[in-house]
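Visitor: Have a look at this one.
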Amino acid sequence: MISRKHILGGLFALLAAGAALAAGADLGETQKQATNWTAIAMFAIFVGATLYITKWAAGKTKSAADFYTAGGGITGFQNGLAIAGDYMSAASFLGISGLVFANGFDGLIFSIGWLVGWPVITFLMAERLRNLGKFTFADVASYRFSQTPVRTFAATGSLVVVAFYMIAQMVGAGQLIKVLFGLEYIYAVIMVGIIMMAYVLFGGMTATTWVQIIKAVMLLCGATFMALAVLFQFGFNPEALFAKAVEVHAKKDAIMAPGALIKDPISAISVGMALMFGTAGLPHILMRFFTVPNAKEARKSVAWATTWIGYFYILTFIIGFGAIVNLVQNPGEFYVGGEIAKGLKGGGNMAAVHLAKAVGGDLFLGFISAVAFATILAVVAGLTLSGASAVSHDLYASVFRKGCSSEDELRVSKITTLALGVLAVVLGIAFEKENVAYMVMLAFAIACSANFPVLFMSVLWKNCTTKGAVTGGFVGLFMSVILTVGSANVWEAVLHNPKGSAWFPYNSPAIFSMTAAFFTIWLVSILDNSAQAKKERELYADQLIRSETGIGASTASAH
């Protein structure tokens, strides 16, 4: 019988071998990076520390409740930091700073959109979610509805969102390892997949939470230092920073005006809707509200998360403009010329990483690289957990088996984790060239079109029925995925169809697919006069009382 200790030992050996290969082997890359031993040492220390946390958490993970929600024993402050850690992902740190570096002011639409999504969760969702749910958002959506169809939809929607969100994290991690180790991209992505599976398989939500908390603190400290170092160059005068950025940037004054990134009003509104409402439909964020003992701690979680995330997004703006000033003026070391985003070594997603070296040398580069990598790993681990719980809890335990032991559910969850890890690696390789913030926006568009309308209507509208929720949810899901595939960024850039052949003209489908989902839920529910629908409407009063008061809600002790 192979023990957990042997498997963890094997993973450490595999990672050591990967690092040695990265540093020494000639993999035929056209632009090999010089081996940065200081950065690699810090990187190895950080990864080793997080794997030790996983080993510690493995001893505390005994049941499905421990695996999915850390037994409901996380405090509001801790959970707020962990949510911020979940949210300050590759898209936030690498993607937004990369977008600001390439497009200037317009890159801020992502940080603003993601931030203003939090009041939706604060006032509409957090308390109700904690009072109605147990492990997944499907527990909430199916509270008064038929379990099988609602859970089948919820699991499908969660898995699609998780897949798209994972792409961004894997791309960011792959490019980071490629720059740091000089390792070929494909091997970098495989390495990330292996470590991520170790986190989830052995540590579950406890390990994921503590890794997220630690890396959130370190990322906030690192980003603060970078922003202060940039502002120090200009006597802490942001206006002087912007003036210098305009002077050196290829697009000149265009970087301080809107329209460089999103050029038409429909795309702007659609992207804004996706970023705002998608937050309330992300399964790995919603799942975090079940890790706290009660609704009060859930509200506190959101307050703290909003504070940290808001502060962090201010920093990414300064970091993006600081990258323009510091990197464009250093041709050869960070920047090879040509189109500004593509001319950056490692691609546009690496602006913040190169800036770390420019302002803090190899030591700070190692710190930022390790923190960015841990950021990605923690987010991918959270995504994998939410995907695994959708399969094991919503499909296997509740739909196929209609009740099973905690051990059975945990076994299926770990098998799903392995499958999702392989899927993440494959998708990460396929979408290598995409900006990670844009890829996350697609995940948000699907979440706001599929999960959010069902959650919103099932919790807040008395006349919503099973048929309405499931039909509308699937309409939003399929429409958002189909329109996303039809956009130029996927149809042409990823699927390699001829330029100009994309049949959906906008960057985001949210304005169409989210509207269609809400309308379908409303129409089908209104037309549903079955006995089952009548019963579901009667059950709304009981659901309302529990969602508002928490009477009957599960607690940490109940887990």
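Values quoted throughout were computed directly from the atomic coordinates according to the rules given, and no laboratory measurement underlies them. None of these values were measured; they are calculated from a predicted model. Note that we place each Cβ from the backbone using ideal geometry, even for glycine, and neighbour counts take in every protein chain shown.
Visitor: Where nothing but the Cβ of Lys and Arg (+1) and of Asp and Glu (-1) is charged, how large is the charge dipole of region 101-254 around its Cα centre, in debye to the nearest 20? Mind dumping the intermediate values first?
Guide: On the way: 10 positive and 7 negative charges, 91 e Å.
Rounded to the nearest 20 debye, it is 440 debye.
Visitor: Right, here's the next one. Kindly provide the helix-only [θ] at 222 nm of the chain, computed as the sum of -39,500 (n - 2.57) over DSSP H runs of four or more divided by all residues, to the nearest 500 deg cm²/dmol?
Guide: -22500 deg cm²/dmol
Visitor: In terms of Cα to Cα distance under 18 Å, which aspartates and glutamates are near enough to Lys244, apart from those fewer than 8 places away along the same chain?
Guide: Excluding near neighbours in sequence, the set is Asp106, Asp253.
Visitor: What residues have an amide H closer than 5 Å to that of Leu344, excluding those fewer than 5 places away on the same chain, when H is modeled at 1.01 Å from N in the peptide plane?
Guide: Excluding prolines and chain starts, which carry no amide H, the hits are Val336.
Visitor: For each of Glu407, Glu239, count neighbouring Cβ atoms within 10 Å of the residue's Cβ, then give the residues from fewest to most.
Guide: Ascending number of Cβ neighbours within 10 Å: Glu239, Glu407.
Visitor: Among Ser513, Gly76, Ile545, which residue has its Cα furthest toward the positive end of the charge dipole of the chain, with +1 on Lys/Arg Cβ and -1 on Asp/Glu Cβ?
Guide: Checked the options; the winner is Ile545.
Visitor: FRET efficiency for Ala41 and Asp542, Cβ-Cβ distance as r, R0 = 60 Å, nearest 0.05?
Guide: After rounding to 0.05, the efficiency reads 0.55.
Visitor: What is the packing order of peptides 451-460, 251-260, taking the mean over residues of other C-beta atoms within 10 Å and listing the highest first?
Guide: Values: 451-460: 25.6, 251-260: 14.8.
Sorting 451-460, 251-260 by mean packing, highest first, produces 451-460, 251-260.
Visitor: Which of the listed residues, Met276, Val412, Asn103, is farthest toward the dipole's positive end in region 35-443, when Lys, Arg count +1 and Asp, Glu count -1 at the beta-carbon?
Guide: Sorting the options by dipole projection puts first Val412.
Visitor: Got a sec? Charge dipole of the chain, +1 on Cβ for Lys and Arg, -1 for Asp and Glu; which of Met287, Leu442, Met42 is way out at the positive end?
Guide: So the residue furthest toward the plus end is Met287.
Visitor: With Cβ to Cβ distances under 13 Å as the rule, what net charge do the other residues near Gln78 carry (K, R +1; D, E -1)? Walk me through the numbers on the way to the answer.
Guide: On the way: positive: Arg288, Lys300; negative: Asp86, Glu297.
Result for the local shell: 0.
Visitor: Computed from the mean reciprocal separation of all distinct C-alpha pairs, what Kirkwood hydrodynamic radius does the chain have, in Å?
Guide: Roughly 23.6 Å, rounded to one decimal.
Visitor: Any of Lys178/Lys357; Lys215/Lys300; Lys402/Lys467; Lys178/Lys433; Lys178/Lys251 with alpha carbons more than 23 Å apart? Name them for me.
Guide: Lys178/Lys251
Visitor: Listed highest first by mean packing, meaning other Cβ atoms within 10 Å per residue, what order do 125-131, 291-297 come in? Write out the running numbers ahead of the final one.
Guide: On the way: 125-131: 24.6, 291-297: 21.3.
Going by the mean number of other Cβ atoms within 10 Å, highest first, we get 125-131, 291-297.
Visitor: Across region 451-468, in residue order, what do the Karplus-derived ³J(HN,Hα) couplings come to in whole Hz, using 6.51 cos²θ - 1.76 cosθ + 1.60 with θ = phi - 60° and x for Gly and Pro?
Guide: 6, 4, x, 5, 4, 4, 6, 5, 8, 10, 10, 4, 7, 5, 10, 4, 4, x
Visitor: Once you place label points 7 Å from the Cα toward the Cβ at Leu495 and Ala257, how far apart are they in nm?
Guide: 3.5 nm
Visitor: OK, next. Can you compute the charge dipole magnitude of the chain about its Cα centre, using +1 on each Lys and Arg Cβ and -1 on each Asp and Glu Cβ, nothing else charged? Give it in debye, rounded to the nearest 20.
Guide: Charge dipole of the chain: 1060 debye, to the nearest 20.
Visitor: As an exercise, use a Förster radius of 30 Å and the Cβ-Cβ distance of Val426 and Ser406 to find the FRET efficiency, rounded to the nearest 0.05.
Guide: Approximately 0.45, to the nearest 0.05.
Visitor: Here is a further query. May I ask you to evaluate 6.51 cos²θ - 1.76 cosθ + 1.60, the Karplus curve with θ = phi - 60°, for each residue of region 227-244 and list the ³J(HN,Hα) values in order in whole Hz, giving x for glycine and proline?
Guide: Values per residue, Gly and Pro as x: 5, 5, 5, 5, 5, 4, 4, 10, x, 6, 10, x, 4, 5, 4, 5, 4, 5 Hz.
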